[in-house]
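Novice: Here it is, the structure in full.
Taken together, the values in this text are just the output of simple stated rules run on the coordinates, not laboratory data. Computed from a predicted structure; not experimentally measured. Here the Cβ positions follow ideal geometry from the backbone for every residue, glycine too, while neighbour counts run over all protein chains shown.
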Amino acid sequence: MKFSSLLFFIGCLTFANISSSQAQEVWTLEDCVRHAIENNLDIRNALINEEMASIGSRQARHNRYPSLNASTNIGNNFGRTIDPSTNQFRTESLTFNSWSLNVSVPIFNGFAIARSIKQAEYQERAAEYDTRQTIDNMQLNVVTYYLNVLFAEDNLDNALRQLEISQRQLERMESLIEAGVSAATEIYDLRVQVALDEERVVMAENAVEQGMLQLKNLLMLEPGYQMELDRPDLEIPETDPLLTTDFQYLYERALDNQAVVKSSEMQIKSAEMGEKIAEGRLLPSINFGGSLSTNYSNRGQEIRGFENVLDEFPAFINGEPSVIAIPSTVPKFGDQAYVDQLDANFGYGLGVTISIPIYNNLNSRLNVQRAKLNTLSAVNSDQAVRQSLKNNISQAQTEARAAALAYRAAEHSLEASESALRNAERKLEAGTATGFDLINSQNLVNNSRNNLLQAKYDYIFKLKVIDFYLGNPIVLD
């Protein structure tokens, strides 16, 4: 492939990229973070857990209020049964209906309600911190994948530049061979180098696509979604104050801003409140209760009036049979109306219940021991979180300082390899070096550029990790 053909190919590729980018949406890091927060499933689940904790807190607060319940039932009885309206046995079927209203007011229950409210509030705050930590972790993941794409794109640019250089060297070698300065065999190594560089370009393009796909998956975007990443200025300063940050200061800042630490603290307070709740179950509890009730039966009767009747009794008067009639007044009954029965059968009651725990298979006392163990477990978890945070910060500082040294070393290596390449090109022009020597120098430059590019993005990410622990906003500038 001639150099002019390569330029035409690169020009077409650039034009195609420009044309396609016009239809693509440019995403900044802030756009990616915002979209991830709104759509990521882990964050959605964290928000659900936060809402559930909020519901638990509201439930705990409402437990201090009286409970009021109404009930009713309706049915038929067959055969010998008790009429609920008269409490008398009947042998015929009857239809019944009853109504009741019950109220229960907690007076004292070992301070369980007030402590349960505090425990629920601690759980709610812990859930809020868990959500914030999930968001922070997601933001750090977005930065990682975002930088991976930028690195892959820069690596592709390097591969294209290296291909262009190899093509130029191939054309130069052809000119030297035609001029009789170099042997014809010198061209074969350069042709192999061009082929290898073309393969690197293909691999770099695949890396860009793979990195973009990983970012889209993180953002819950369709694989075919067209997007382009904004490329901020990522110049590396000569010195960065983050590298000299005191470890103790960094650790204390992290304790203040890392949500996982705050959540752990809330879990300890919740467990301690659980101990007090369990201890309160050993005390007596007092509840006030009241009820209203009434009922109806289709066999219910009521007096509709009175009538005079003669009760006749057989008797003997002077030895002669006769009948004696005695007048009496008897009530007249009729079916009682539904509403009248409910009014007539209305009743109510009030009472106070005192429950004194004496022995219940050691449940209450064992619950106290369980609550104390839960507190110890929460304290141990908090210490593990703090120790893990301390280890991570120490490792982050060490890696950031090592990344800075690696970046500076990669800069010097690139300068040296470029100087060696220029020297190899001059020797090739003078006929004192072969194409193989030039390829070796070129590969050294290519490797040095790749190492510098990798060291650059690694250094940038390590600095962002330090920013993360300091509680600073993670931005690319």
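Novice: Using r as the Cβ-Cβ distance of Ala337 and Val309, and R0 as 35 Å, what FRET efficiency do you calculate, to the nearest 0.05? Please report the intermediate quantities before stating the final value.
Specialist: Working: r = 26 Å, r/R0 = 0.75.
Efficiency computed from Cβ-Cβ geometry: 0.85.
Novice: Hey, another quick one. In sequence order, what are the phi-derived ³J(HN,Hα) couplings for the range 95-101 according to the Karplus relation 6.51 cos²θ - 1.76 cosθ + 1.60 with θ = phi - 60°, rounded to whole Hz, with x for glycine and proline?
Specialist: Those phi angles translate into 9, 10, 8, 10, 10, 8, 9 Hz.
Novice: Further, regarding this structure: Within the chain, what's the longest run with no trypsin sites (Lys or Arg not before Pro) in a DSSP loop and at most 14 other beta-carbon atoms within 10 Å? Give the range, please. Can you show the working numbers first?
Specialist: Working: sites that count: Lys2, Arg64, Arg80.
That gives 81-477 as the longest site-free run.
Novice: Within the chain, what is the longest stretch that has no chymotrypsin sites (Phe, Trp or Tyr not before Pro) placed in a DSSP loop and near at most 10 other beta-carbon atoms within 10 Å?
Specialist: Numbers: sites that count: Phe78, Tyr359.
In the chain, the maximal stretch lacking such sites is 79-358.
Novice: Considering the options Asn363, Asn451, Trp27, tell which one lies farthest towards the positive end of the dipole of the chain, charges being +1 on Lys and Arg and -1 on Asp and Glu at the Cβ, about the Cα centre.
Specialist: Result: Asn363.
Novice: Rounded, prolate or oblate: which fits the range 32-134, taking a ≥ b ≥ c as square roots of the Cα gyration tensor eigenvalues, rounded meaning a/c under 1.5, else prolate when a/b beats b/c?
Specialist: Here the range 32-134 falls in the oblate category.
Novice: Using a simple spin-label model with points 7 Å from Cα along the Cα→Cβ vector, what separation in nm is obtained for Thr81 and Arg64?
Specialist: 4.6 nm
Novice: Hey, another quick one. Compute the normalised compactness of the range 344-413: alpha-carbon radius of gyration over 2.2 N^0.38 Å, N being the residue count.
Specialist: On the way: Rg = 30.9 Å, N = 70, 2.2 N^0.38 = 11.1 Å.
Working it through for the range 344-413, the quotient is 2.79.
Novice: Hey, if you put +1 on the Cβ of every Lys and Arg and -1 on every Asp and Glu Cβ in the range 255-339, which of Ile268, Pro284, Leu310 ends up farthest toward the positive end of that dipole?
Specialist: About the Cα centre, the residue reaching furthest to the positive side is Ile268.
Novice: Quickly work out the Glu164-to-Asn206 label distance, labels modelled 7 Å from Cα along the C-beta direction, and quote it in nm with one decimal.
Specialist: 2.5 nm
Novice: Follow-up. Do the sum for the chain: with -39,500 (n - 2.57) for every DSSP H run of n ≥ 4, divided by all residues, what is the mean residue ellipticity at 222 nm, to the nearest 500 deg cm²/dmol?
Specialist: Result for the chain, helices only: -22500 deg cm²/dmol.
Novice: Ok, one more. Have a look at the DSSP beta bridges in the chain and tell me what percent are antiparallel, nearest 5. Can you show the working numbers first?
Specialist: On the way: 51 of 54 bridges.
Of those bridges, close to 95 percent are antiparallel.
Novice: Can I ask one more? About the Cα centre of the range 155-277, how large is the charge dipole given +1 on each Lys and Arg Cβ and -1 on each Asp and Glu Cβ? Please answer in debye to the nearest 20.
Specialist: Numbers: 11 positive and 25 negative charges, 91 e Å.
Dipole magnitude for the range 155-277 comes out near 440 debye.
Novice: First measure r as the distance between the Cβ atoms of Arg34 and Lys372, then evaluate 1/(1 + (r/R0)^6) with R0 = 56 Å and state the FRET efficiency to the nearest 0.05. Walk me through the numbers on the way to the answer.
Specialist: Numbers: r = 44 Å, r/R0 = 0.79.
The value I calculate is 0.80.
Novice: Using a ≥ b ≥ c from the Cα gyration tensor of the range 301-361 (square roots of the eigenvalues), is it rounded, prolate or oblate, where a/c under 1.5 gives rounded and otherwise the larger of a/b and b/c decides, a/b for prolate? Don't skip to the answer; put the middle values down first.
Specialist: Numbers: a/c = 6.58, a/b = 2.44, b/c = 2.70.
Verdict is oblate for the range 301-361.
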